[in-house]
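Okay, structure first, notes after.
Every number here is computed from the coordinates shown, using simple stated rules; none is lab data. Quantities reported herein were computed from a predicted structural model and do not represent experimental measurements. Heads up, the Cβs are rebuilt from the backbone with ideal geometry, glycines too, and the neighbour counts pull from every protein chain shown.
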Amino acid sequence: VITNAKQYKVFLGSHILEELLPFIKQEIDEYTKIFILTDETVGPLHLEKLMQALKGEDIVVYTVPSGEKAKTFDVYYNCLTFALENKLDRKSLLLAFGGGAVGDLGGFVAATFLRGIRFIQIPTTILAHDSAVGGKVAINHPLGKNMIGAFYQPEAVFYDLSFINTLPKREVRSGFAEVIKHALIHDEAFYRQLQTEVPSFEFLTGNTLLHALKKGIEVKSKIVKKDEKELGIRAYLNFGHTLGHAIEAEAGYGVMAHGEAVLIGMLFALKLSKDKLGLSFNEKELIEWVGQLGYETSINKQFSPEKLLQRMLQDKKTIGQEVRFVLLKEIGKPVVVTINHDDLLMHLKQFS
Ligand code: NAD
Ligand code: ZN
């Protein structure tokens, strides 16, 4: 991954953890303590393996609640207290070991503790192929998700696929939606390949998983390279997220997995793309495929179009009464289009 701030490597594979300590010893100058941040689910399942891989190092571990509960001010504060009490210093190295929530929190702790210490992402979910790359780190504010954060790149990402084995189906589904997103905004061939190779999640293992994540990471890093701070084309990564975030918030965080909501958002954005930009795309085929994978493919009747619209108007990317959507001119050719309030409401009603 190449950004203005830093260049770093993403190590991806099924025995990649073995390369972590040699990397740290070789590439991280004069580090002192290692601070592992993990959560209550990942810790009991996988921490031992990570500790084994770091044998002989001076390590402290702090465990936070799983999921979005990790990304609060309280938990952030507790992490800093723990770091201070354990006398971590500027040369300490933080390892964020878990899904996107631990990665976002850990990255923000690393960005702000003593004005910034080095950190490595060790993702354990499929979704984290997205979140661990690109340097956006954040915690939530009660008034909005990811509102307090930084752009802060890791020293490296170590993505060991053996951790994915314990991931619940719902989290697989959530993360795979972001892989589909990377395919739809970047190239049709990748999309076709996913559709052929993953008729159901039993097939998402071994080389198929490796390939899907590798391609997804390549798409993300290519976009981040051109626009690290989201002043332009990084917005394309929000494909499906305008409505997705609204659905996620309406459902209540944690009720619906992020990627499941984003998938519905992508189907809506594709529909809009057909209507507004004349996209030629067989969405029936996509709906059938993702339906088979267990995704919901329309907005649940419990969410009123008016409320979803209100949510979208509150989004930090919205300007006035116009909502900015990422649409596709063709598969792999995203554009940002503003859609006005009334028009959007009409489309939402049709889609529900
Ligand atoms: P997560 O960290 O909440 O993980 C999902 C659940 O799976 C949690 O309960 C976790 O404990 C559990 N889990 C993690 N690894 C496991 C494993 N190997 N086996 C069993 N259970 C495991 O979240 P996520 O879905 O990975 O990511 C979502 C978060 O990522 C959100 O907070 C979102 O805002 C953030 N995100 C950030 C970016 C970014 O660019 N920074 C991009 C996308 C998403
Ligand atoms: Zn997302």
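Some observations on this one:
- Rounded Å value of the spacing that divides the Cα centres of segment 158-232 and segment 102-137: 18
- Principal-axis tilt of helix 169-186 within the chain, Cα atoms, nearest 10 degrees: 70
- Amide hydrogen neighbours beyond the local backbone of N146, cut-off 5 Å, H modeled: N140, H141
- Neighbour counts of other Cβ atoms within 10 Å put V60, V323 in the fewest-to-most order V60, V323.
- Considering only the chain, percent of DSSP beta bridges that pair antiparallel, nearest 5: 40
- Unsatisfied cross-links (Cα-Cα over 23 Å) in the set K55/K136; K145/K214; K271/K333; K284/K333: K55/K136; K145/K214
- Whole-Å distance, taken between Cα centres, linking segment 1-65 and segment 278-352: 38
- Computed label-point distance, nm, for sites D342 and Q321 using a 7 Å Cα→Cβ extension: 0.8
- Looking at segment 253-352, the trypsin sites (Lys or Arg not before Pro) that sit in a DSSP loop and have at most 14 other Cβ atoms within 10 Å of their own Cβ are K301, K316.
- Sorted fewest first by neighbouring Cβ atoms within 10 angstrom, D130, D343, D315 come out as D343, D315, D130.
- Selected from H46, H241, H186 as most flexible by GNM, with the chain as the system and alpha-carbon contacts under 10 Å: H46
- Nitroxide proxy distance, nm - points 7 Å out along Cα→Cβ at A251 and V60: 3.8
- Cleavage-rule hits (chymotrypsin sites (Phe, Trp or Tyr not before Pro)) in segment 177-226: DSSP loop, at most 12 neighbouring Cβ within 10 angstrom: none
- Projected label points at K276 and T32, each 7 Å from Cα along the beta carbon direction, are separated by 5.2 nanometres.
- Exposure proxy shown here: for I339, I36, the number of other Cβ atoms within 10 Å sets the order, fewest to most, as I339, I36.
- Only helices enter this figure: runs of n ≥ 4 DSSP H residues, each worth -39500 (n - 2.57), summed and divided by the residues of the chain, yield -14500 deg cm²/dmol at 222 nm to the nearest 500.
- Paramagnetic reach from K226 (point 7 Å along Cα→Cβ, amide N under 11 Å) across segment 299-338: 333-335
- Extended-chain gain in nm, criterion 0.36 nm per residue less alpha-carbon gap, Q292 and L47: 84.8 nm
- Filtered trypsin sites (Lys or Arg not before Pro), segment 67-110: DSSP coil and at most 15 other beta carbons within 10 Å: K87, R90, K91
- Angle in degrees between helix 100-112 and the longest Cα principal axis of the chain, rounded to the nearest 10: 60
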